[in-house]
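Asks: Below is a structure I'd like to ask you about.
Bear in mind these aren't lab numbers, they're just calculated from the coordinates by the rules spelled out. As the structure is a computational prediction, the values presented were derived from the model and not from experiment. No Cβ is skipped: glycine too gets one built from the backbone with ideal geometry, and neighbour counts run over all protein chains shown.
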Amino acid sequence: MLQSFLRSRRSAGLLALVLLAAACNRTQPEAAAPPTPAPVSVPGPDLMSLADSNAAALLLPYGRQYPGREVLLQTRHGNMRIRLYEDTPLHTANFLLLARKGYFDQTVFNRVVKGFAIQGGTSDRLTMRLSRYRLPPEIRAGHFHKRGAVGMARYDDEQNPGKLSSSHDFYIVQGQKLTAYQAQSSTNRKLTPAQFRTYATQGGIPSLDGEYTVFGEVVEGLDVIDKIAAEPVGTDNWPHQDVHIKMKVIQ
């Protein structure tokens, strides 16, 4: 469904300070350079080791060992707090891994369709390497495309009958408020009374229900979705001014 910035974090330099001794007029030795800190190692599978064939086997144990329930997504329009679902353990573990590894910090919202959804997780300036892998679907009847729902995109439907999810392209639903008739006629699934009420009062995209894995929802900062969705975009729906993403696990 639905890109791009780099963070340059380190610059190093050594300032040589030369002092003249007043009594003997001798130059003192340069101050020793502070030791270079070792790079921080983030637990979890190497991002280049993941493949369609092993994604579940590597990510599910990671999710059990390093669980997480919420992430904070920061943008220039404000922050969104996203709660991740426990019954989509593969997608949740994958999202946590990419957030902790810093992958999302190099990406932007690269596809914005007002009244539909905002999609992020891609960039044209990535320096972090990520293998090409997909995730088996975890489509749950109880998770639907209401406003604020967080799902994972997928591609190549003709060559992807199993509805495998993208590894990194996620979307957040903006949607529109719908009458019961509009909501039901746009999906092949039987909506529940609670879902009818939600689509009528909050809005969403019922046409996506049952087609994509929803693995979380925005629980704080829903207004940020509208601000990003209002960004002027090009013919490819990429905002003219990048909306950078910063992601961190908070619980």
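Asks: Would you kindly work out the equivalent ellipsoid of the stretch 105-154 from its C-alpha gyration tensor and give its semi-axes, the square roots of five times the eigenvalues, largest first in whole Å? Before the final figure, lay out the partial values.
Replies: Details: eigenvalues 109, 59, 11 Å².
Equivalent ellipsoid semi-axes, largest first: 23, 17, 7 Å.
Asks: About its Cα centre, what dipole magnitude does the stretch 55-249 give when the only charges are +1 on Lys and Arg Cβ and -1 on Asp and Glu Cβ, stated in debye to the nearest 20?
Replies: In debye, rounded to 20, the stretch 55-249 gives about 380.
Asks: How would you rank ILE205, ILE250, going from fewest to most other Cβ atoms within 10 Å of each one's own Cβ?
Replies: Neighbour counts put them in this order, fewest first: ILE250, ILE205.
Asks: Once amide H atoms are built 1.01 Å from N in the peptide plane, which residues 5 or more positions from VAL214, or in another chain, come under 5 Å H to H?
Replies: Under 5 Å from the amide H of VAL214 lie the amide H atoms of ARG140, each far enough along the sequence or on another chain.
Asks: Among ASN94, TYR62, PHE116, which residue has its Cα furthest toward the positive end of the charge dipole of the stretch 60-129, with +1 on Lys/Arg Cβ and -1 on Asp/Glu Cβ?
Replies: My answer, from the dipole projection, is PHE116.
Asks: Over the alpha-carbon set of the stretch 83-198, divide Rg by the Kirkwood Rh and report the Rg/Rh ratio to two decimals.
Replies: My calculation puts Rg/Rh at 0.98.
Asks: Taking the inverse of the average 1/r across all pairs of different Cα atoms in the stretch 55-249, what Kirkwood radius in Å do you get?
Replies: 16.9
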